[in-house]
Ligand SMILES: [Zn+2]
C-alpha cells in the first residue's frame with residue numbers, strides 16, 4: 001500500500017517504471033479525444049466540481065485512462081470525498097501512476113498522471129481516509145469506467 005511518504009519519494013526521486021509506454025503526437029490525441037478530454041488530459045485542465053459523469057458512479061468496475069486504456073483505479077478503492085471529483089485511496093497498481101511536484105497557482109501540490117501516456121489525471125493529497133491516508137482527486141474526463149459484468 002502506498003502512503004504519502006512513497007508519493008513524495010516518487011515525486012522527488014523518480015517514478016516506478018510503467019509496464020508499457022504510449023506516445024503520440026498532439027494531433028493524434030486531438031483526433032482521438034473530445035475537446036474537453038483533450039483540454040484536461042493533454043493540457044492539464046480541470047473540470048468543474050460535480051460536473052463529471054463518474055463523480056457519483058459507484059458501480060463495480062475498473063477506471064481506465066481515457067487516452068491509452070491503461071487500468072488506473074477500481075471501484076473498491078473509490079470513496080465519496082464530497083469534493084465534486086472522483087476520489088480514490090490507491091492506484092490499481094503501484095506503477096500505474098506517475099507523480100510530479102506542481103507549484104502552479106501559488107500552491108505546492110502533487111500532480112498525478114498516467115504513467116503509460118502522461119495524461120494529466122488530477123492531484124493527490126495526504127488527507128484521505130485510513131489506512132493509506134491518501135486522496136487521489138481525479139477528473140472524470142480523464143477516465144472511462146469499465147463496468148463489471150453481472151453474472152445471473
Ligand atoms: Zn494513459
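The values are calculated or read from the model by the stated rules, or taken from the named source; none is laboratory data. Bear in mind the structure is a predicted one, so any value in this text is a computation, not a measurement. Cβ atoms come from the backbone with ideal geometry, glycine included; neighbour counts cover every protein chain shown.
Of all residues in region 34-59, exactly one satisfies the criterion of being touching a strand residue (DSSP E or B) at 6+ places or on another chain (Cβ under 7 Å) and within 11 Å of the ligand (Cβ to nearest atom), namely 41.
Just wondering, is there one or more residues in region 17-26 that are modelled with pLDDT under 95, surrounded by 10 or more Cβ atoms within 10 Å (Cβ to Cβ), under 15 Å from the mean Cα position of the chain (by Cα) and closer than 19 Å to residue 91 by Cα? No. For region 16-33, the set of residues classified as in contact with a helix residue (DSSP H, G or I) (Cβ under 8 Å, 6 or more places away or on another chain) and more than 13 Å from the ligand (Cβ to nearest atom) consists of 16, 17, 26, 30, listed by residue number. In region 88-109, the residues that are touching a residue at least 12 places away in the same chain (Cβ under 8 Å) form Cβ pairs under 7 Å with partners that are exposed (fewer than 14 other Cβ atoms within 10 Å of the Cβ) and assigned to a loop (DSSP other than H, G, I, E, B), at six or more places apart or across chains, as follows: 89/129; 90/1; 95/17; 95/19; 101/108.
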